[in-house]
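Q: Can you keep this structure in mind? I'll have questions shortly.
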Amino acid sequence: MATPQPQKIISKTVARKNRERQERKDRILEVTRALFAEKGVSNLTMQDIADANEYSIGTLYLYFRSKDDI
């Protein structure tokens, strides 16, 4: 049995990381939409959004620069 080539391993890792990143972003958007509907956009902070998603504020800012970007 041949061993996997390093390039194929790297490609799979990159693909998995990209998929996981998109899944996190989608989850943030889904939870935030529910918060917006419940409390209104002006009544929420980025910290509220981070808390509801169970992410740190820093993680939230990796995906969105501001509440307006969400």
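The values are calculated or read from the model by the stated rules, or taken from the named source; none is laboratory data. Please read these numbers as outputs of a predicted model, since none were measured by experiment. Cβ sites come from the backbone with ideal geometry, for glycine too, and all protein chains shown count toward neighbours. For accessibility, only protein heavy atoms count, side chains too; no ligands or nucleic acids. Shrake-Rupley method; radii C 1.70, N 1.55, O 1.52, S 1.80 Å.
Q: Between L62 and I9, what's the calculated FRET efficiency when r is the beta-carbon distance and R0 is 22 Å? Round to 0.05.
A: E between L62 and I9, to the nearest 0.05, is 0.30.
Q: What do you get for GluC sites (Glu not before Pro) in the chain restricted to DSSP loop and a cutoff of at most 16 other Cβ within 10 Å of the site's Cβ?
A: Passing sites in the chain are E54.
Q: Comparing T59, T13, T45, which has the greatest mean-square fluctuation in the GNM of the chain with Cα pairs linked when under 10 Å apart?
A: T13
Q: Cross-link partners among lysines for K67, C-alpha distance below 17 Å, same-chain residues fewer than 8 apart left out?
A: K25, K39
Q: Express the accessible area of the chain per residue in Å², computed with a 1.4 Å probe while the remaining protein chains stay in the model.
A: Per-residue accessible area for the chain comes out at 77 Å².
Q: Accessible area of the chain with a 1.4 Å probe: how many percent of it is carbon plus sulfur?
A: The value for the chain is 51 percent carbon and sulfur by accessible area.
Q: Select from R24, R16, R33 the residue whose mean-square fluctuation is largest in a Gaussian network model of the chain (Cα-Cα springs shorter than 10 Å).
A: In the Gaussian network model the winner is R16.
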